[in-house]
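J.: Pasting in a structure now, in structure tokens, and then I'll have a few things to ask.
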Amino acid sequence: DLRRQRIADREGRGDRLAELGGDLRQQLGGEDARVNVVVWLVALLVIVIGSRELLLSGVPHAGELLAWPAGPFVLVREYLGGWWSQGLGGTRPVPTGMGLSAVLGLITFGANGLPRTLLVVGPLFAGALGLWRLARAIAPSRAAAAGLVVYVAVPLAANAVGTGSLSGLLVYGALPWTLHGLA
């Protein structure tokens, strides 16, 4: 009985993959595909040009975008040690973001500015991709393209960088994915 169930599951997956392949062939051919490619190229160009100063010169030290105390090992030590050195210091729970920042610092092999730059520029790309997926799930292809253009053109991310709001940037990038998950 279990063997028959596994065979049926495999056949169901094969049918679903064939459906997805057909949808992909349909999406890549025709005028909609050309519009999608052009819109994505323009969106990526706008994001790269808009964040060129951040990519070339690094993230400014303002608001929540302050420099990290040192390398990733110091962040790991603070996170695991329970001593929060910010302000006057004290023994209190260290925010989870410090632990995640330490992991990101370790992944980038201890680069000082690269993890902060990824935390600021990454949500711009992630948000655009999330909005595209959200819009494709609920609207035709051209509407998804229009939604992507509007999402990239809205100055919320630029304002968040200007005010030094890392939380604003993270929400900007995560909101389309959250809405897609809820839909």
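The values are calculated or read from the model by the stated rules, or taken from the named source; none is laboratory data. Fair warning: this is a prediction, and the values are worked out from it, not measured in the lab. Every residue, glycine as well, gets a Cβ built from its backbone with ideal geometry; the counts of neighbours run over all protein chains shown. What goes into the accessible areas is simple: the full protein's heavy atoms, side chains included, and nothing from ligands, DNA or RNA. Shrake-Rupley method; radii C 1.70, N 1.55, O 1.52, S 1.80 Å.
J.: Within the stretch 30-117, list the chymotrypsin sites (Phe, Trp or Tyr not before Pro) lying in a DSSP loop whose Cβ has at most 13 other Cβ atoms in a 10 Å radius.
T.: Sites meeting the loop and neighbour criteria: PHE109.
J.: At a 1.4 Å probe, what is the % contribution of carbon and sulfur to the accessible area of the stretch 79-183?
T.: 72
J.: Something else now. Roughly speaking, what is the stretch gain from VAL42 to GLU64, that is 0.36 nm per residue apart minus the C-alpha to C-alpha distance, in nm to one decimal?
T.: Details: separation 22, 0.36 × 22 = 7.92 nm, distance 2.97 nm.
Gain on stretching VAL42 to GLU64: 5.0 nm.
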